[in-house]
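Here the structure is laid out as structure tokens; the discussion comes afterwards.
The values are calculated or read from the model by the stated rules, or taken from the named source; none is laboratory data. Just so it is clear, the model here is predicted, and its values are computed rather than measured. Note that we place each Cβ from the backbone using ideal geometry, even for glycine, and neighbour counts take in every protein chain shown. Surface accessibility is based on the protein's heavy atoms, side chains included, excluding ligands, DNA and RNA. Shrake-Rupley method; radii C 1.70, N 1.55, O 1.52, S 1.80 Å.
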Amino acid sequence: DVKVTQSSRYLVKRTGEKVFLECVQDMDHENMFWYRQDPGLGLRLIYFSYDVKMKEKGDIPEGYSVSREKKERFSLILESASTNQTSMYLCASRTSGGSYEQYFGPGTRLTVT
Amino acid sequence: GENVGLHLPTLSVQEGDNSIINCAYSNSASDYFIWYKQESGKGPQFIIDIRSNMDKRQGQRVTVLLNKTVKHLSLQIAATQPGDSAVYFCAESLTGANNLFFGTGTRLTVIP
């Protein structure tokens, strides 16, 4: 089974702090994604990566950056956390093969105070 | 992203009844559709998918119906059980795209 793990389930940070959210997948998937999930808004794509060192902006990239130095790891970075970045963050991965199915991690609930 | 998933936010059903969760999509070029289930405190889990060359696909207790004429997708759950209580998301994609476009989700509550 595909396993996608995220470094923290819950995180509390202060406004202005730099925040790193880590995601690791063990199925050699080429594509990895970061979403945020907010009530009533569903899942919104922040960034995705289709290969090592490659990244593409999603629908809401402002205030975020990403890093993909190794195929299995995709990091989301909040350079200066703000209260409006309090949210659930979900990482996903998928192969570049025929299926578009994305495999999700358990999520990180980030609270910025 | 496309406007996906204009559907009711909540649905309550009696245990044992069948559930139907609906989803509308706006991009007529989309050719791949997927349903996810998200239980409280967990990430979304794949339920079933369908490509646009099909109008129906069945899984274990679940059926997905696709009506391309009216751009409508539905998920039918047979004999709904308490463990089916969750938020259900539809998502769409199209050939060549890297990502999925998600709807806002429907919360299904199963009443014992």
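Computed quantities for the displayed model
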quantity	calculated
Sulfur and carbon atoms: percent of accessible area, region B:10-111 [1.4 Å]	46 percent
Spin-label pair A:T111/B:S28, simplified geometry with 7 Å Cα→Cβ offset, distance in nm	4.8 nm
In nm, spacing of pseudo-spin labels at A:D28 and A:T95 (7 Å Cα→C-beta vector)	1.0 nm
For A:S8, distant residues with modelled amide H under 5 Å away	A:E22
Buried area at the B-A interface (accessible, heavy atoms, 1.4 Å probe, summed, Å²)	1700 Å²
³J(HN,Hα) computed for each position of region A:22-35 - Karplus, 6.51 cos²θ - 1.76 cosθ + 1.60, integer Hz, glycine/proline x	10, 9, 10, 10, 10, 10, 6, 6, 6, 9, 9, 9, 10, 10
Note, ³J(HN,Hα) from phi for region B:92-107, Karplus 6.51, -1.76, 1.60, rounded to Hz, x at Gly and Pro	10, 7, 9, 3, x, 7, 8, 10, 9, 10, 9, x, 7, x, 10, 8
Count of Lys pairs (Cα-Cα under 23 Å; at least 8 positions apart or interchain) in the protein assembly as shown	22
Under 5 Å, built H, 5+ apart or other chain: amide partners of B:T80	B:G16, B:D17, B:N18, B:S19
Kirkwood-type radius of region B:10-111, with distances r between different C-alpha atoms, in Å	13.8 Å
Residues of the protein assembly as shown: accessible area per residue with a 1.4 Å probe, Å²	48 Å²
Isotropic mean projected area of the C-alpha convex hull, the protein assembly as shown (nm²)	12.0 nm²
Which of A:E56, B:E92 is most accessible, then next, and so on - probe 1.4 Å	A:E56, B:E92
Rounded accessible area of A:M54 (nearest 10 Å², 1.4 Å probe)	80 Å²
Within 10 Å of each Cβ in B:102-109, the average number of Cβ atoms from other chains	3
In sequence order, calculated HN-Hα J values of region A:40-49 (Karplus, 6.51, -1.76, 1.60; Hz; x Gly/Pro)	x, 10, x, 9, 10, 7, 8, 8, 9, 9
